[in-house]
1. Which whole-number value in Å² is the accessible area per residue of the chain, probe 1.4 Å?
2. Leaving out ligands, DNA and RNA, and with a 1.4 Å probe, what % of the accessible surface on the chain is carbon or sulfur?
3. On the principal axes of its Cα set, how long, how wide and how thick is the range 28-186? Give whole Å, largest value first.
4. Determine the distance separating the Cα centre of the range 1-29 from the Cα centre of the range 185-233; give it in Å without decimals.
5. Amide H of Leu32: which non-local residues (sequence gap of 5 or more, or other chain) have their own amide H closer than 5 Å, using H built in the peptide plane?
6. Please work out the Kirkwood hydrodynamic radius for the range 246-395, using every pair of different C-alpha atoms, and report it in angstroms with one decimal place.
7. Quote to one decimal, in nm, the extra length available between Cys194 and Asp126 on full extension: 0.36 nm per residue of separation minus the C-alpha distance between them.
8. So for the range 152-259, Kirkwood radius off the Cα pairs, Stokes-Einstein at 37 °C and 0.692 mPa s: how many µm² s⁻¹?
Amino acid sequence: MTPPKLYFSQDEFQQRIRKTRAEMGQRNLDLLIVTDPSNMNWLTGYDGWSFYVHQCVVVPLSGDPIWFGRGQDGKGALRTCFMAPENIIGYPDHYVQSTERHPMDYLSAQLADRGLAKGRVGVEMDNYYFTAAAYGALQTHMPNAQFVDANALVNWQRAVKSEAELGYMRQAGKIVEKMHQRIFDKVEPGLRKCDLVADIYDAALRYDEVAGFGGDYPAIVPLLPSGPDAAAPHLTWDDAPMKSGEGTFFEIAGVAHRYHCPLSRTVFLGKPTQIFLDAEKAVLEGMDAGLEKARAGNTCEDIALAFFTVLKKYGIVKDNRTGYPIGLSYPPDWGERTMSLRPGDKTVLEENMTFHFMTGLWMDDWGFEITESIRIGANGPECLSNVPRKMLVKD
């Protein structure tokens with residue numbers, strides 16, 4: 001059998017499982033069912049576009065995890081997971097999108113055969129990929145189990161990155177540098193947005209002979225609203241031409257082996273208005289204040305308060321968080337869904353945590369983004385990419 005292609009060592013996978021089991025012990029869990037594909041990957045290495053059907057990784061208190069998914073995807077699990085074939089369970093295809101049976105019926109039977117369908121079982125209750133029907137099927141077919149909400153249990157174990165993970169995030173940082181350079185080289189009045197996005201994807205994915213790596217697909221597509229549309233942070237693109245006299249923010253990410261480095265910059269075509277110049281001044285000063293607090297021992301709140309204090313001085317109100325943890329992700333989100341950089345989040349920062357410092361402003365009829373992805377250090381942050389931290393102006 002062809003050996004699996006792994007991007008981390010066996011020792012690192014085992015360390016991740018030990019961390020997860022330690023938290024399971026704190027919560028008195030006998031079993032954990034993980035449906036978030038990012039958590040599945042982190043625990044086992046599994047990587048495939050199969051999260052549109054039901055799948056999971058099962059973590060018992062001893063032995064290797066169990067991958068469970070559609071039968072035809074089991075071959076992908078054999079090629080990407082570190083576990084032996086006996087820990088790969090594929091369900092028959094007549095369970096796929098059936099109104100008569102559910103894949104979790106099949107999983108329940110498999111767990112019963114292994115003596116695992118009992119005790120306190122953790123499930124990710126508030127996860128994109130765990131449906132009410134999946135939960136109902138588990139409850140019906142595992143009557144001797146007590147289900148417990150273990151949402152984000154694994155996410156929190158991912159917060160502090162290993163050196164190998166940081167290596168991939170730095171690769172992603174190099175990729176997003178190329179993406180922003182391509183944007184600035186190509187953007188001009190009259191260029192259709194769809195054509196610019198094609199160039200963004202080309203820069204994001206094409207193999208770099210000098211660097212020795214190519215890119216992976218992002219968990220979020222490029223976001224690039226212009227003019228009044230930039231008041232909305234999550235619009236994508238159309239086939240309309242770019243216009244002179246408008247600002248456009250580009251929120252994009254480089255990705256290496258599912259590890260993300262998001263980075264936003266604003267491009268103004270023509271002479272920037274005073275509104276944009278004032279926004280640039282406030283955001284850059286606020287970013288400097290926030291970055292000064294981005295060190296181990298401080299809190300998420302410390303970064304946010306430093307940034308918001310500067311904005312307040314300039315009369316700007318930002319009523320949303322100003323950042324979130326990043327790393328390994330699948331669609332629809334490149335955040336890790338644990339901490340937030342906002343007032344009230346007193347989570348203590350640890351060395352090698354990684355965040356997208358999202359300092360974007362979305363006002364009534366304009367928007368502005370200059371952001372950084374950072375690694376928390378003992379004495380200050382490391383920026384994971386190197387793109388000029390300013391509004392980019394092009395006539």
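1. 42 Å²
2. C and S fraction of accessible area: 49 percent.
3. Cα spread of the range 28-186 along its principal axes, largest to smallest: 60, 35, 30 Å.
4. 35 Å
5. Amide H neighbours of Leu32: Val59, Gly122.
6. Taking every pair of different Cα atoms in the range 246-395, averaging 1/r and inverting gives 15.6 Å.
7. 21.1 nm
8. D = 217 µm²/s.
The values are calculated or read from the model by the stated rules, or taken from the named source; none is laboratory data. All figures in this text were calculated on a predicted structure; none of them were measured in a lab. No Cβ is skipped: glycine too gets one built from the backbone with ideal geometry, and neighbour counts run over all protein chains shown. Heavy atoms of the whole protein, side chains included, go into the accessibility calculation; ligands, DNA and RNA do not. Shrake-Rupley method; radii C 1.70, N 1.55, O 1.52, S 1.80 Å.
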